[in-house]
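Asker: After the structure tokens below, expect a handful of questions from me.
Bear in mind that the values in this text are calculations on the coordinates, not laboratory data. For clarity, every value in this text was computed on a predicted model and none was experimentally measured. Here Cβ is always computed from backbone atoms with ideal geometry, including for glycine, and neighbour counts include all displayed protein chains.
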Amino acid sequence: MARPLDQLKASRDESAAGFVVLGALVAVMWIVEIINALDGQQLDGDGIISRHLSGLAGILSAPFLHASFAHLISNTIPFVILGIVIALGGAGQLIGVTVIVALISGLGAWGLSSSGTDTIGASGVVFGYATFLMARGIFTRSVLQIVVGVVVAVLFGAALLLSLVPHTGVSWQDHLFGAIGGVLAARGISSRRSGEASPAP
């Protein structure tokens, strides 16, 4: 009896830690945008500057930078909704998915955008969160995770597809590679957990 209770408590603790990390990420986004707005959006120039070596540093800062509060709000809502589901798996899962997606989406925007383009915003990460949840059940073969993936696809699928269509001022490269990053994160994390679950030979 004690063992299932211990496992339940551990699971709750992991989820709580995931929620703390998610809250911290969102808090940083909002604090940065408040500072940015007070400074006349000067920080916007610290995004991913495509095809410039100095612009690679923007891969780390771009998800926290937004062109306006409207831009920030439009990213915060799906970021939180999808992030909560991922955070249920613990802080490690949320951090792992976020890092993988941010790196791949950032590199895609840096390499494929027109030279000198400045890409900012968390939308690439949002795309990665969505595709991670949609693809995860395929790799883990979990019925519950497959159902979650279908729900995410129904709620966000149309918006994701429309955002891949080139629009002025919108980085389809960041979105596309964020989506690719989410699938790769799902594959990598599910493989790692399968390996941990298997007994050593």
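Asker: Which listed residue (A37, Q145, I81) has the Cα farthest towards the positive end of the charge dipole for the range 2-196, taking +1 on Lys and Arg C-beta and -1 on Asp and Glu C-beta about the Cα centre?
Answerer: Final value for the positive-end residue is Q145.
Asker: Taking 0.36 nm per residue of sequence separation and subtracting the Cα-Cα distance, how much length would be gained by fully extending the chain between L144 and L38, in nm to one decimal?
Answerer: 33.7 nm is the gain from fully extending L144 to L38.
Asker: Based on alpha-carbon centroids, what's the gap between the range 113-127 and the range 134-189 in Å, whole number please?
Answerer: First find each Cα centre; the distance between them is then 17 Å.
Asker: On to the next question. Treating only the Cβ of Lys, Arg, Asp and Glu as charged (+1, +1, -1, -1), what charge dipole size does the chain show about its Cα centre? Round to the nearest 20 debye.
Answerer: About 800 debye.
Asker: For every helix of n ≥ 4 consecutive DSSP H residues, a contribution of -39,500 (n - 2.57) applies; sum these over the chain, divide by its total residues, and give [θ] at 222 nm rounded to the nearest 500 deg cm²/dmol.
Answerer: That comes out to -25500 deg cm²/dmol.
Asker: Follow-up question, since we're still on this one. In the chain, which whole DSSP H runs stretch at least 18 Å along their own axis (Cα) and average 1.6 or higher on the Kyte-Doolittle scale? Don't jump to the answer; show the numbers that get you there.
Answerer: Numbers: long enough: 2-38 (54 Å, 0.86); 69-87 (25 Å, 1.97); 91-112 (31 Å, 1.76); 123-140 (25 Å, 1.19); 143-163 (28 Å, 2.67); 172-197 (37 Å, -0.07).
Qualifying helices, which must be both long enough and hydrophobic enough, are 69-87, 91-112, 143-163.
Asker: What number results when the radius of gyration of the range 2-196, computed over Cα atoms, is divided by 2.2 N^0.38 Å?
Answerer: Computed over Cα atoms of the range 2-196, the ratio equals 1.04.
Asker: State the extension gain, in nm to one decimal, for the chain segment bounded by F69 and V99, taking 0.36 nm per residue of separation less the distance between their alpha-carbons.
Answerer: Extra length from F69 to V99 when fully extended: 8.4 nm.
Asker: Please list, in order along the range 48-64, the HN-Hα scalar couplings obtained from phi with the Karplus expression 6.51 cos²θ - 1.76 cosθ + 1.60 (θ = phi - 60°), rounded to whole Hz, x for Gly and Pro.
Answerer: 7, 8, 5, 6, 10, 4, 5, x, 5, 4, x, 4, 7, 8, 4, x, 9
Asker: Treat each spin label as a single point 7 Å out from the Cα along the C-beta direction, and report the I81 to H167 distance in nm.
Answerer: Reported label-point gap for I81 and H167 is 1.6 nm.
Asker: Something else: Could you rank the peptides 42-55, 168-181, 148-161 by their average count of other C-beta atoms within 10 Å per residue, with the highest value first? Display every interim value, and only then the final one.
Answerer: Values: 42-55: 17.4, 168-181: 21.5, 148-161: 15.1.
Peptide ranking by packing, descending: 168-181, 42-55, 148-161.
Asker: Can you compute the label reach from V151? Point 7 Å from Cα along the Cβ direction, backbone N cut-off under 19 Å, restricted to the range 11-39.
Answerer: So the set is 12, 15-16, 18-19.
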